[in-house]
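All of the numbers you see were taken from the coordinates with simple rules; none came from a lab. Note that this is a predicted model, so its numbers are computed, not measured. Cβ coordinates were reconstructed from backbone atoms using ideal geometry, including for glycine residues, and neighbour counts include every protein chain displayed.
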């Protein structure tokens, strides 16, 4: 994990191999190995109701992009992390790190967006903090949001619950957020009609639970996209995952832009899409629910064999992709993020 010059690189925050190594080899061992420590939301074991807790930081540039902004991103991002444990949010905290010189009107727009997003979900910001850093040290505005929620179901929704033969589903088409942020950057000169997929995933998750879908694992497809999320789940669950390229929904504009820029759609960031793993016999029920929100929701793969029944290659590359030509290739994570500052 140690970089050549002994310093943190941008790639260490990008959702790829460098980030995984930083967390698993440096951070987690020093803080203690805990069950499901790498899941989106941690479960808090208390004498009362089962609680879930999550925190995240947002450093997107620009602050406003097609289909969203950093304020709504901070609210939906933390609530989505809770939803990945099947938890309903109770309250949020919001911490602002503001760069000297940021326009007050800009900050007001962000806070308005935070309030609107909270009202739409039915959750409140109950505490927070504000800091101002010197000009040139903050990229305008950084936000940290923390969420606490309650789990009202008996399921163990985590990578440890996945089973060989389970279905792998994505809740909509992929890569919109990454492309929307790229197109908002004037220096790139990229034009696209695509808006970010930024959305709250709480309602579809609650509906899946209400419909009786036996959710084994959920993961929102943020940094590193489907490729990174699949790799994390496969390693934590110690099973292989096999994806099918032809089944993965990607908008033609996203696909075309990725071809021009040399990017991989399955590694592009999303902010309103999730991976759902459930028993294969419940695929129809799960898709009926998900397609009410996003018609492009689709089954894209299958959980394969346990590592104990596989080879050393399965352990090194636990996720594979069957190409449109029928070739089965390992999914190799890039060292960092394909593009910086998108979430």
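With the cut-off at 1.5 for a/c, could you classify the stretch 209-286 from its C-alpha gyration tensor as rounded, prolate or oblate? Here the stretch 209-286 falls in the prolate category.
Compared with the alpha-carbon gap, the fully stretched path from residue 256 to residue 7 is longer by 86.1 nm at 0.36 nm per residue. For the stretch 291-308, backbone nitrogen atoms closer than 14 Å to the point 7 Å from residue 211 Cα along Cα-to-C-beta are found at 291-299.
Roughly speaking, what is the stretch gain from residue 21 to residue 111, that is 0.36 nm per residue apart minus the C-alpha to C-alpha distance, in nm to one decimal?
Details: separation 90, 0.36 × 90 = 32.40 nm, distance 3.50 nm.
28.9 nm is the gain from fully extending residue 21 to residue 111.
Of the peptides 269-276, 196-203, 157-164, the ranking by mean beta-carbon count within 10 Å, highest at the top, reads 269-276, 196-203, 157-164.
Our summary gives the stretch 159-330 a relative contact order of 41 percent, counting only alpha carbon pairs under 8 angstrom and 6 or more residues apart. Between residue 308 and residue 246, the FRET efficiency estimated from the beta carbon spacing at R0 = 22 angstrom works out to 0.15. Kindly identify the stretch 182-247 as rounded, prolate or oblate by the Cα gyration tensor criterion: order the square roots of the eigenvalues as a ≥ b ≥ c, call it rounded if a/c is under 1.5, otherwise compare a/b with b/c, prolate if a/b is larger, else oblate. Note, shape of the stretch 182-247 comes out oblate.
For residue 91 and residue 132, FRET efficiency with R0 = 25 Å and r from the beta-carbon atoms, rounded to 0.05?
Efficiency computed from Cβ-Cβ geometry: 0.50.
Which shape class, rounded, prolate or oblate, goes with the stretch 159-330 when its Cα gyration tensor gives a ≥ b ≥ c as root eigenvalues, a/c under 1.5 marks rounded, and past that a/b bigger than b/c marks prolate? Please list the in-between numbers first.
Working: a/c = 2.06, a/b = 1.29, b/c = 1.59.
Oblate is the answer for the stretch 159-330, as a/c is 1.5 or above yet b/c matches or exceeds a/b.
Taking the average, over residues, of other Cβ atoms within 10 Å as the packing measure, peptides 251-259, 83-91 rank 83-91, 251-259 from highest down.
Here the spin labels are modelled as points 7 Å beyond Cα on the Cα-Cβ line, and at residue 103 and residue 160 they lie 5.0 nm apart.
Looking at the stretch 34-151 only, what percent of DSSP beta bridges run antiparallel? Nearest 5 please.
Expressed as a percentage, antiparallel bridges in the stretch 34-151 total about 75.
Extension gain for residue 323 to residue 150 (0.36 nm times residue separation, less C-alpha to C-alpha distance): 58.2 nm.
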